[in-house]
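Visitor: Quick one: the structure is below, and I'll ask about it shortly.
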Amino acid sequence: MDLAHAPRRMTALPSWLLAQAASASGRIVAAALGEAGAHRTHYAVLVALDERGPMSQSALSDSIGVDRSDMVRLLDVLGDDGLVVREPDSEDRRRNLIVLTPAGRARLRALDRVLATAQDDATARLTSDERDRLVDLLRKLLGA
């Protein structure tokens, strides 16, 4: 988006600017992950399992904001790649836990590097301090 050609009143609206920035950075991230043969939801699952440990499919779905019906297909793909496994929950035999495998941890480390580069590309016009401030402001805006 070339802001020079956008209506002036639009470029004064924080919501419009946020949407434009989100769209642009989303394209950068999607392209980087696509080149690595991944999708942002793949990364989200791996990160959630790495940070929080094994969890039920429904808890995982809730934690990353993926619809439960989509989660089944997503976990099938990650399972076929050997990145996650379903294991019986020792505390509740009616459900399975989704567990990150060693291959999943290795894949996550590789995707962390891909995303670090994508984040640098998406925020290339900012200094390090500006980027940190942007993250702080976005967290505040989102109530974190």
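Visitor: Considering only residues that are surrounded by fewer than 10 Cβ atoms within 10 Å (Cβ to Cβ) and small (Gly, Ala, Ser), look in the range 107-140 and name the one that is farthest from Glu35 (Cα to Cα).
Guide: Ranking the qualifying residues of the range 107-140, first place goes to Ser128.
Visitor: Here's another thing I want to ask about it. So Asp50 fits all but one of (1) surrounded by 15 or more Cβ atoms within 10 Å (Cβ to Cβ); (2) touching a strand residue (DSSP E or B) at 6+ places or on another chain (Cβ under 9 Å); (3) touching a residue at least 40 places away in the same chain (Cβ under 8 Å); (4) not β-branched (Val, Ile, Thr); what number is the exception?
Guide: (1)
Visitor: To continue, here is another question. Name the residue, out of Gly79, Gly104, Gly143, Gly37, that is more than 23 Å from Leu18 (Cα to Cα) and surrounded by fewer than 15 Cβ atoms within 10 Å (Cβ to Cβ). Walk me through how you get there before you give the answer.
Guide: Numbers: Gly79 fails: surrounded by fewer than 15 Cβ atoms within 10 Å (Cβ to Cβ); Gly104 fails: surrounded by fewer than 15 Cβ atoms within 10 Å (Cβ to Cβ); Gly143 fails: more than 23 Å from Leu18 (Cα to Cα).
One residue alone meets the criteria, Gly37.
Visitor: Applying the selection to the range 61-76, what residues are over 16 Å from Asn96 (Cα atoms) and surrounded by 12 or more Cβ atoms within 10 Å (Cβ to Cβ)?
Guide: Residues satisfying the conditions are Ser63, Ile64, Val66.
Visitor: Assess whether Arg95 counts as being surrounded by 11 or more Cβ atoms within 10 Å (Cβ to Cβ) and in contact with a Ser or Thr (Cβ under 6 Å, 6 or more places away or on another chain).
Guide: Values: surrounded by 11 or more Cβ atoms within 10 Å (Cβ to Cβ): yes; in contact with a Ser or Thr (Cβ under 6 Å, 6 or more places away or on another chain): yes.
In short, yes.
Read-outs: derived from the displayed coordinates by stated rules, not from any lab. Everything quoted here is computed from the prediction, not taken from an experiment. We place every Cβ from the backbone using ideal geometry, glycine too, and count neighbours over all the protein chains shown.
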